[in-house]
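What follows is a set of notes on a single structure, which appears directly below.
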Amino acid sequence: MAAKRTGEKYYAIIEAAVKVIAENGYHNSQVSKIAKEAGVADGTIYLYFKNKEDLLISLFKVKMGDFTAGARHELKDLKNPFTKLARLIYLHFNRLESDRNLALVLQIQLRQSETSIREGIAGPLKLYFNIIEEIISAGVESNAFRQDINRKLARQMIFGTMDEVATSWVMSSHHYNLTNQIEPVYYLLARALAKDGKIEPFAI
């Protein structure tokens, strides 16, 4: 029987998994702990997920799907590629800072997971990469970005920069605001992409 992928309990289990995995790590997060946090019986988990691995993959798909859809909505009416870049950095960092448990799961636990899990999250991650590539293409085609840009490499550079800054933040023993890094990261990336060094001032 196919697992259910909707409903109040489904999303309650997802949220419980974020909290439990953030606090205990993926390998130390028993299904029973997640069920207790969600307020459901252990067996209820298996009505919605095949196993704990499926739960982690589903968690990523839900959270990344929500973020990607929200980002597309936020960016759709923006014309300037520099503004698009600034807004995306803002959305990325603001989302992680607003939910530290989710940040711990995305930045730490998923990186330490099995190959099958990393393969399972490749699809929704690709949808996010597409947004970054569209910003790069818009910049090149509008002549705001350099014409010799390797678009795949630029996408890797943009995502990799945001990802590393976020990972450093979540792992740091010193408390600071991730959102304070938005503007410096924008200027770093914008200067690398800009044609003739001409960049737009930071604006979101």
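Each value in this text was obtained by applying a stated rule to the coordinates, not by laboratory testing. The structure displayed is predicted, hence computed values, not measured ones. Methodologically, a virtual Cβ is constructed for each residue, glycine included, from the backbone with ideal geometry; neighbour enumeration extends over all protein chains shown.
Remarks
- For the range 108-204, applying the loop criterion from DSSP together with a ceiling of 15 other beta carbons within 10 Å to the chymotrypsin sites (Phe, Trp or Tyr not before Pro) yields TYR176.
- Exposure here means at most 14 other Cβ atoms within 10 Å; with trypsin sites (Lys or Arg not before Pro) in a DSSP loop as sites, the longest stretch of the chain lacking them is 80-197.
- Ascending count of other beta-carbon atoms within 10 Å, so fewest first, for HIS27, HIS174, HIS92: HIS174, HIS27, HIS92
- Theoretical ellipticity at 222 nm over the chain - DSSP helices of four or more residues, -39500 (n - 2.57) apiece, nearest 500: -21500 deg cm²/dmol
- If the chain linking ASP42 and ASN80 were pulled fully straight, counting 0.36 nm for each residue of separation and taking away their Cα-Cα distance, it would gain 8.7 nm.
- Under 19 Å from LYS79, Cα to Cα: aspartates and glutamates that are on another chain or at least 8 residues apart: GLU133, GLU134, GLU141, GLU200
- Centre separation in Å (Cα based) which lies between the range 117-141 and the range 184-201: 20 Å
- Distance violations [Cα-Cα > 23 Å] among LYS9/LYS76; LYS4/LYS36; LYS50/LYS152; LYS76/LYS152; LYS152/LYS195; LYS63/LYS84: LYS9/LYS76; LYS50/LYS152
- Footprinting exposure proxy for LEU59, LEU153 (fewest neighbouring C-beta atoms within 10 Å first): LEU153, LEU59
- Net charge over other residues, Cβ less than 15 angstrom from the Cβ of ALA154 (K, R count +1; D, E count -1): +2
- Fewest-first ordering of ILE199, ILE34, ILE108 by other beta carbons within 10 Å of each residue's beta carbon gives ILE108, ILE199, ILE34.
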